[in-house]
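Student: Take a look at the following structure, please.
The values are calculated or read from the model by the stated rules, or taken from the named source; none is laboratory data. Predicted model only: the values in this text are computed from it and were never measured. A quick note on method: Cβ atoms are made from the backbone with ideal geometry, for glycine too, and the neighbour counts reach across all protein chains shown. Ligands, DNA and RNA are stripped out before the accessible areas are found, and what is left, the full protein with its side chains, is counted by its heavy atoms. Shrake-Rupley method; radii C 1.70, N 1.55, O 1.52, S 1.80 Å.
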Amino acid sequence: MERNKLAVTINQAVKRFGKKEVISNISLTVMKSEIFGLVGPSGSGKTTFIKMIAGITEATAGIINVLGTNMPNLNGMKKIGYMAQADALYGELSAYENMDFIAAMYGLKGAHKKKRIQDVLALVNLTEHQKRPVHEFSGGMKKRLSLAMALLHEPELLILDEPTVGIDPVLRKSIWEEFHNLSKNGTTIIVTTHIMDEAEYCERLGLLRDGKLLAIGTPEELKAKTSTGKLEDVFLMEGAVQA
Ligand SMILES: Nc1ncnc2c1ncn2[C@@H]1O[C@H](COP(=O)(O)OP(=O)(O)OP(=O)(O)O)[C@@H](O)[C@H]1O
Ligand SMILES: [Mg+2]
């Protein structure tokens, strides 16, 4: 079973910027086709941590293995679809041209490329807007285009940094249905979020605070550790909580 295989193994990962330790000795495994959510307050290290997994930021110490490859590694990165928290789009190009650029990077060609681009644009409701230059897009539209770009090459591992911020609840729901479909078909998903219902959709959550992984568990398990049984109170849990 795919399920029993490891997708990501992180062993005592540390990240320092100068003297400041931003990620402190985190060990974590994520299984193939799992949807793992990373939650925690602003500045707790979520983006830094997932950039380390994606191979964009190198760990100061420790080992990060993604699908059998120690990161950072260019071949490892090809198996990953990464959606940044801040948009990484070309404003002068149309949505389609942005997609085409990414498609070329991943070696997609011909009819298959065209179909993939249309499929993912439809998924994020941007079909009608594909010819417009991206600098005319709203924040939510840019976010949706970034998500489409991360999905384009059908990566084995999707790493998404707050993917649905600025996306309305109806579209957010359909995007999450797609995440679950992808997961059923073997895609592993690591997602950071501040949004409660999104955290509920994850199979397991990790709570990050000051660069430390304070707790790991299913949403139900984490809720059971709070006095109120509410997921928002998991976000507020103090340092005494152990994984
Ligand atoms: N390149 C960098 N150089 C120095 N410090 C950095 C750098 N990148 C991040 N940091 C610091 O690392 C800490 C964690 O930042 P990070 O962006 O990972 O947090 P986050 O949990 O993603 O926050 P948010 O929810 O606001 O997106 C912050 O204190 C930030 O200032
Ligand atoms: Mg962040």
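Student: Suppose a student asked you for the relative contact order of the chain, using Cα pairs under 8 Å spaced at least 6 residues apart; what percent would you report?
Tutor: That works out to 25 percent.
Student: Next question, about the same structure. Net charge within 13 Å of Asp119 by Cβ-Cβ distance, Lys/Arg positive one each and Asp/Glu negative one each, not counting Asp119 itself?
Tutor: +2
Student: If the label point is 7 Å along Cα→Cβ of Lys109, which residues in the range 65-91 have backbone nitrogen under 15 Å from it?
Tutor: Zone members listed by number: none at all.
Student: State to the nearest 20 debye the size of the charge dipole of the range 102-207 about its Cα centre, where the only charges are +1 on K and R beta carbons and -1 on D and E beta carbons.
Tutor: In debye, rounded to 20, the range 102-207 gives about 600.
Student: Can you put Lys79, Lys230 in order of accessible area, largest first, using a 1.4 Å probe?
Tutor: Final ranking, largest accessible area leading: Lys230, Lys79.
Student: Residues with beta-carbon under 15 Å from that of Ile190, excluding Ile190: net charge, scoring Lys, Arg +1 and Asp, Glu -1?
Tutor: Combined, the nearby Lys, Arg, Asp and Glu give -1.
Student: Moving on. All other residues with a Cβ under 12 Å from the Cβ of Gly91 taken together, and with Lys, Arg as +1 and Asp, Glu as -1, what is their net charge?
Tutor: -2
Student: Counting only GluC sites (Glu not before Pro) that are in a DSSP loop and have at most 11 other C-beta atoms within 10 Å, tell me the longest site-free stretch of the chain.
Tutor: It works out to 93-237.
Student: Below 22 Å, Cα to Cα, which lysines can Lys79 reach? Residues fewer than 8 away in the same chain don't count.
Tutor: The qualifying lysines are Lys5, Lys32, Lys46, Lys51, Lys109, Lys113, Lys114, Lys115, Lys143, Lys184.
Student: In degrees between 0 and 90, to the nearest 10, how far off the longest principal axis of the chain does helix 169-184 point, with axes built from Cα atoms?
Tutor: Tilt of helix 169-184: around 80 degrees.
Student: Pop out the carbon and sulfur fraction of the accessible area of the chain as a percent, whole number, probe 1.4 Å.
Tutor: Exposed carbon and sulfur together represent 52 percent of the surface.
Student: With label points built 7 Å along Cα→Cβ from the Cα atoms of Asn181 and Lys78, find their separation and express it in nm.
Tutor: Between Asn181 and Lys78, the simple spin-label model gives 2.7 nm.
Student: Please compute the per residue accessible area over the range 6-236 with all protein chains in place, 1.4 Å probe, rounded to a whole number of Å².
Tutor: 45 Å²
Student: Right, next: Placing unit charges on C-beta atoms (Lys and Arg positive, Asp and Glu negative, everything else neutral), compute the dipole magnitude of the chain about its Cα centre in debye, rounded to 20.
Tutor: Roughly 600 debye, rounded to the nearest 20.
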